[in-house]
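First the structure, in the form of structure tokens, and then the observations on it.
The values are calculated or read from the model by the stated rules, or taken from the named source; none is laboratory data. Because the structure is predicted, anything quoted here is derived from the model rather than measured. Glycine also receives a Cβ, built like all others from the backbone with ideal geometry; neighbour counts cover every protein chain displayed. For accessibility, only protein heavy atoms count, side chains too; no ligands or nucleic acids. Shrake-Rupley method; radii C 1.70, N 1.55, O 1.52, S 1.80 Å.
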2 protein chains.
Amino acid sequence: MTQLTDRPATENASTPTPTTAQGVDVVALGQLLLGTWAEARRHSRELVARPEFRRVEGLSMADHRARVLGQLGMLVDDGSVHRAFPSSVGGSEDHGGNVAGFEELVIADPSLQIKSGVQWGLFGAAVMHLGTEYHHSEFLPGIMALETPGVFAMTETGHGSDVASIGTTATYDVDAQEFVIHTPFRAAWKDYLGNAALHGRAAVVFAQLITLGVNHGVHAFFVPIRDASGAFLPGVGGEDDGLKGGLNGIDNGRLHFSGVRVPRANLLNRYGDVAENGGYSSSIDSPGRRFFTMIGTLVQGRVSLDGAAVVASKLALTIAITYGSERRQFTGSSTVEEEVILDYQRHQRRLLPRLATTYAMSFAHEKLLAKFDGVFSGLHDTDADRQDLETLAAALKPLSTWSALDIIQESREACGGAGFLAENRLTSLRADLDVYVTFEGDNNVLLQLVAKRLLTDYSRKFAGANAGALAQYVADQVGQAAINRSGLRRLGQTVADFGSTARSVGYVRDSDSQRQLLTDRVQTMVAEVAGRLKGASKLGTREAAELFNRNQNELIEAARAHAELLQWEAFTEALESVRDAGTRTVLTWLRDLFGLGLIEKNAAWYLIHGRLSSQRALAITAYIDERLLPRLRANALDLVAAFEFTPEHLLAPIALGAERARQDEARAYYDELRASGVKPIDEKTLKVRKPAL
Amino acid sequence: MTQLTDRPATENASTPTPTTAQGVDVVALGQLLLGTWAEARRHSRELVARPEFRRVEGLSMADHRARVLGQLGMLVDDGSVHRAFPSSVGGSEDHGGNVAGFEELVIADPSLQIKSGVQWGLFGAAVMHLGTEYHHSEFLPGIMALETPGVFAMTETGHGSDVASIGTTATYDVDAQEFVIHTPFRAAWKDYLGNAALHGRAAVVFAQLITLGVNHGVHAFFVPIRDASGAFLPGVGGEDDGLKGGLNGIDNGRLHFSGVRVPRANLLNRYGDVAENGGYSSSIDSPGRRFFTMIGTLVQGRVSLDGAAVVASKLALTIAITYGSERRQFTGSSTVEEEVILDYQRHQRRLLPRLATTYAMSFAHEKLLAKFDGVFSGLHDTDADRQDLETLAAALKPLSTWSALDIIQESREACGGAGFLAENRLTSLRADLDVYVTFEGDNNVLLQLVAKRLLTDYSRKFAGANAGALAQYVADQVGQAAINRSGLRRLGQTVADFGSTARSVGYVRDSDSQRQLLTDRVQTMVAEVAGRLKGASKLGTREAAELFNRNQNELIEAARAHAELLQWEAFTEALESVRDAGTRTVLTWLRDLFGLGLIEKNAAWYLIHGRLSSQRALAITAYIDERLLPRLRANALDLVAAFEFTPEHLLAPIALGAERARQDEARAYYDELRASGVKPIDEKTLKVRKPAL
């Protein structure tokens, strides 16, 4: 249950509440935010506080690439890149800690985070998860030590989202006992690959495995691509992708193969193998399930993008909220002193809901990371666990990466011209994070995957089931209690509370009501689309595809609603663990701002579906504007302090007191001028005017 | 009246309409879009198609700055920068054509557009509009010829939005007959100034004019800052702003002044002068009105940003819609051929409403430019005209610049990884346009200005007036007919059309209904806030400021609604001028998508206020998804072709057939493979499976 310690029974929304800080326990909150793998995060943060890890703005692409490669070497020296790998090769099999540690690298430079991710999280992880013992002992030590910088060669120019349709082939030659890797046309060039333009010495190449005249679908092969001098090996070619919109510390490029031969043993054969005689075997009978199982082992990329988006959002908001608390512009309530811009309602509307979203993203990521660790540690590693993990990652990564772009951009704009200077970091952070919404699964495609999962689960469970079961189903998805129908009816009422904002909002702002409204929306949206798709299985391919396509947008919106609910549940669960009363009060306001913000954003849906009365919809907006924003504004600096960034992490001058120092100097100048008696008189205060020209 | 030639009486939203192209007259539409100053636009487009004007991605900041300076020289050689200037100095006093021509420079490189704008649109225009004949003959020739690259030194580190409070002083020294320009503290340094870091030889410096012990407020002074060698003159200092988030072809920097003396004649004295004896005179009695009159002459910057945002949006959408029409991914309605991604509903939802917004922005900008030209040509130059112009610019510039960022970003994401490559232009276009939402008036601050104007007009006219007069007032604001109350009641009804989407939407999709709904929302929002602010004049300064602040967010939203209505009216007016039936049909769909899209976005407001029934709100969404999107998708390529960009403008390989060529090659390969009989069999099509491992 939500605790609302500050709410007097006679509260009236038309007079503002006193807005003083509530005494947040910043240290405890910081610990809660850093989560289960706080130690790994703190270790990374200490590392990236060192000057040699800092991003240097304005480097040429070549220099930036070289610098980041050097930083990868320092990570090896630090020993922190071994965490995830098998103990057989000196790793510590700590999957959660490994990802947590890598996520924090975004503080220094997103190129560092992503290039590390390419080397150890994609290239290395593919060898680890898709290969077997031979590959581990043969390849992992060189990968871990960065002696073999590598490429994760999955995406092709022609196929990004639809990996199953890639064109590269790996044809088994029985006589030579070799695979022949081949690129049949330009669209099948591997593309956008980190480490491909310059540094990669080998690649894990995804290709259609063909043996004895049968195509067994996409499999991964370990393929050396450059010699020790950096020259392409025979049959291998490529191109530099050149300058990108961001992440220019990574040498993305293209690769193509003309009859390149690798030994049979270079097939990463955990899920499918070819015998000497060319016979194919797999532990997974269905080619489709086999493909998704292989791809699923690489979920780590999505997980870490979700986490990095959280870290970047925290960084941006710390800068913007610090600046907003010091910058002044326009006099309003005084003729002398200018207003602090975060005291303007609009500025609060711009930054504080995004702060609430960042907290929700952070707590939701922590749950994702725990799920990830459970699967890969083997502690909770059933098929269902893996599917849940993949769905959770596919749900959260789109929301957090889109939100990160929105949050960084609003932070940039909220800092005005100063925000546009590279030294204040917001513009490069945004440019670098841009492609996070595209790689490791395009956000729209991922949400469609989530939607399909919601539909599948729905149709499995509700072939003729009643509404109660359906409610339980959506509740199961988020691990919480079922929908209360009478509660919803209560929320939709129009009459009793007419005329009193406080009473109207009183009915909708507690945890249970927020949960009811958010859960019901997901459930109803899924059920509505499922109803419309009902006849699809009886239609022809074209007609079924058209029917599905006509519902695509709403399906994706249903997936988004589902993911938002997951974020809300994670936030609610986290705040229920908080013991300190002041902290809990403030976090409850922040969670309310997140939850009521979602309901406000989708108010039309709630109104149309009779889940909210007009009066209550209006009351929610008034409650946000007149209660939550002022209360949270008073605690905003504590809420960003809990992100625990040091000056060495922030670096932005406007977040480190530059603005306050300038204002103090200006104030002292005017004070002195007034005291001196020689201050010029303002023309507008003169009583007698001269005649005009 | 809207013409809906294709709408059969029995239309049913659950079956899709045939979606064939309607035969848009692309040439005529192109002419309509280029508008009154088509010739100036075409001239600029010819110019920037030349290789020497192209942006070169990846240049160092120093090289980019030098290149853009060189391009400014080429503009001088071309003679096209003289358009706006007085005939007395060889100009042609063509204000509309001048701005139109400059706007198109954004095609080549936004740095080129903005640096030109700094030199001729701000620095030069300040001398022209704030100076008098002496300044014109003395300074303009050098400015026009780029012999005097110059700085528009208004903004200070401490004051951007609130220019009236800048700290720089210009104190008249009677004995020397000079002004002493002085920077009293760090926050008063001039900042973010184009041409200040390197190229500027002189500056128009805005400073508090102090003479005989009286501060007459902000005035502009012509101040030389560097000698012929590029060294600062005595008393002048500065800093380079360094790397920025974009626009790095411009040398932004800071300036400060320590007792720098300029002759009395260097005061740009059109609106305020100081006699030899120090006596101050002005044609404008009120210091406040004088300040806003001076600032108002510089509205050109806002106008041209609005126009450049339109051009950039057209460029981005041309790239994304071309690519979306060629790129294929996933099979759906066929087992062989993949779907064109623009055939996916979600992709249409992402791009087509933004295409509609771009058209609305384009037509609205044309009206702004005509208003601008009317004022500055002297044809329509009353105080009211100037105020209307300023309000219109303040309303449209925020919407178009924010939309441009949104449109370019969605275009980037819609092109996936290819969109992230610098060669495809979307990322740098977005990075450069970023600060358009901040400079020449922060968007939030501008919308607040618009809102205050709405409130002022409202309170002037409706001290006790009735609702009919109020309706007329808002209608006057957009130059259209009054609200029809009975029409609104009809739109809000819930009963009669229940169960039929086609009938529901039939009531709301015609021009009159759209206008009613959009106009009524502005009117009601303004009236609601005005009602809440009613007692403000009786409150103390602090309480009044607090009351205003509690309504700030809604006020700004009212201004946005007003600006959206202006865009909608401009679009509607433009399409009514179209004679070709096919073009008119398609443009009407596009206008409907814009108008209904606005209503859909604000559906909660319409529902809460009883202006729309739930049934009709749902019908609008269904009509967009199932009717408008497929119809417009079929005409999308025509609609971007009408933007008239040539390959030399687009430059992005993905907009010039690269994707199509790759797909043709891949298709030919697979066709040949199938024909050859040696295509491997897919494992999943095999009937008999081998036993698992």
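D for chain B, whole µm²/s, Stokes-Einstein with Kirkwood Rh over alpha-carbon pairs at 25 °C and 0.890 mPa s: what number?
Values: Rh = 27.5 Å.
Estimated diffusion coefficient is 89 µm²/s.
If you count only protein heavy atoms and use a 1.4 Å probe, how large is the accessible surface of B:Asp381, to the nearest 10 Å²?
About 70 Å², ignoring ligands and nucleic acids.
Mind checking how much accessible area B and A bury in total, 1.4 Å probe, in Å² rounded to 100?
For B against A, buried area totals roughly 9100 Å².
Would you check the accessible area of B:Asp63, probe 1.4 Å, heavy atoms only, in square angstrom rounded to 10?
Around 80 Å² of this residue is reachable by solvent.
Measure of size requested: the Rg and Dmax of the protein assembly as shown, with Cα atoms as the atom set and Å as the unit; please supply both.
When restricted to the Cα atoms of the protein assembly as shown, Rg and Dmax are 31.9, 107 Å.
Return the aspartates and glutamates within reach of B:Lys679: Cα separation strictly under 12 angstrom, same-chain partners fewer than 8 residues apart disregarded; answer none if there are no such residues.
B:Asp671
Place the label 7 angstrom along Cα→C-beta at B:Lys452 and in each other copy, then list the distances from the first to the rest in nm, shortest first.
From this label point to the equivalent ones elsewhere in the assembly: 5.5 nm.
Could you work out how far the C-alpha centroid of the range A:78-145 sits from that of the range A:645-678, in angstrom?
45 Å
Work through the residues other than A:Ala527 whose Cβ is under 13 Å from its Cβ and net out their charges, Lys, Arg +1 and Asp, Glu -1. Intermediate values should be presented prior to the final figure.
On the way: positive: A:Lys461, A:Arg521, A:Arg532, A:Lys534; negative: A:Asp457, A:Asp520, A:Glu528, A:Glu554.
Taking every Cβ under 13 Å from that of A:Ala527, the sum is 0.
Through the Karplus equation 6.51 cos²θ - 1.76 cosθ + 1.60, θ set to phi - 60°, convert the phi angles of the range B:205-221 into ³J(HN,Hα) values in whole Hz; use x for Gly and Pro.
With coefficients 6.51, -1.76 and 1.60, one gets 9, 8, 8, 6, 7, 10, 9, 6, x, 10, 8, 8, x, 6, 9, 10, 10 Hz.
Inside 10 Å of the C-beta atoms of B:159-167, what's the mean count of C-beta atoms belonging to other chains?
3
Tell me which residues come under 5 Å, amide H to amide H, from A:Ala203 once H is placed; ignore anything under 5 positions away on its chain.
Distant-sequence amide H within range of A:Ala203: A:Val151, A:Val223, A:Ile225.
Just checking the output field for B:177-186: average partner chain Cβ neighbours within 10 Å of each residue's Cβ?
2
For the Cα atoms of chain B, what angle does the longest principal axis make with the long axis of helix B:629-641, in degrees from 0 to 90, nearest 10?
Rounded to the nearest ten degrees, it is 50.
Once you average over the residues of A:417-426, how many Cβ atoms of partner chains fall within 10 Å of each Cβ?
Going residue by residue through A:417-426 and averaging, the value is 6.
Ordering B:Lys367, B:Lys190 by how much accessible area each has at a 1.4 Å probe, largest first, what is the list?
B:Lys367, B:Lys190
Through the Karplus equation 6.51 cos²θ - 1.76 cosθ + 1.60, θ set to phi - 60°, convert the phi angles of the range B:29-44 into ³J(HN,Hα) values in whole Hz; use x for Gly and Pro.
5, x, 5, 4, 5, 5, x, 4, 9, 4, 5, 4, 5, 5, 4, 4
How big, on average over all directions, is the shadow cast by the Cα convex hull of the range B:153-285, in nm²?
8.5 nm²
Suppose you put the label 7 Å out from Cα in the Cβ direction; list, shortest first and in nm with one decimal, how far A:Asp383 is from each other copy's label.
Here the equivalent label points are 8.1 nm apart from this one.
Starting from the residue with the highest accessible area, list A:Glu339, B:Glu93 in decreasing order, probe 1.4 Å. Each step should come with its number before you reach the end.
Numbers: A:Glu339 35, B:Glu93 90 Å².
I get B:Glu93, A:Glu339, largest accessible area first.
So which of A:Lys371/A:Lys397; A:Lys190/A:Lys397; B:Lys190/B:Lys371; A:Lys367/A:Lys397; B:Lys115/B:Lys244; B:Lys461/B:Lys534 end up more than 21 Å apart, counting from Cα to Cα?
A:Lys190/A:Lys397; B:Lys190/B:Lys371
List the lysines whose alpha-carbon lies under 23 Å from that of B:Lys684, not counting same-chain residues fewer than 8 positions away?
Within the straight-line cut-off, B:Lys684 pairs with A:Lys452, A:Lys538.
Relative to the present Cα-Cα distance, how much length would full extension add between A:Ser60 and A:Leu233 at 0.36 nm per residue of separation?
Extra length available between A:Ser60 and A:Leu233 comes to 59.5 nm.
What's the local net charge at A:Arg201, with K and R +1, D and E -1, over the other residues with C-beta under 13 Å away?
Values: positive: A:Arg226; negative: A:Glu147, A:Asp227, A:Asp251.
Summing Lys and Arg as +1 and Asp and Glu as -1 gives -2.
Sort the following peptides by mean Cβ neighbour count (other Cβ atoms within 10 Å, averaged over residues), highest first: A:422-430, B:382-390.
Packing proxy ranking, top to bottom: A:422-430, B:382-390.
Arrange the residues B:Tyr623, B:Tyr458 by how much accessible surface each exposes, largest first, with a 1.4 angstrom probe.
B:Tyr458, B:Tyr623
May I ask you to evaluate 6.51 cos²θ - 1.76 cosθ + 1.60, the Karplus curve with θ = phi - 60°, for each residue of the range B:128-134 and list the ³J(HN,Hα) values in order in whole Hz, giving x for glycine and proline?
With coefficients 6.51, -1.76 and 1.60, one gets 5, 8, 9, x, 10, 3, 4 Hz.
Where the centroid of each part is defined by its Cα atoms, how far is the range B:246-275 from the range A:276-314 in Å?
62 Å
Could you give the accessible area per residue of the range B:153-285, probe 1.4 Å, as a whole number in Å²?
30 Å²
Every other copy gets compared here: list the nm distances from the B:Glu672 label point (7 Å along Cα to Cβ) to its counterparts, shortest first, one decimal.
8.2
Find the centroid of the Cα atoms in the range A:567-631 and in the range B:586-607, then give the distance between the two in whole Å.
Answer, in whole Å: 28.
Net charge around B:Val89, counting only other residues with Cβ within less than 12 Å of its Cβ (Lys, Arg = +1; Asp, Glu = -1)?
-3
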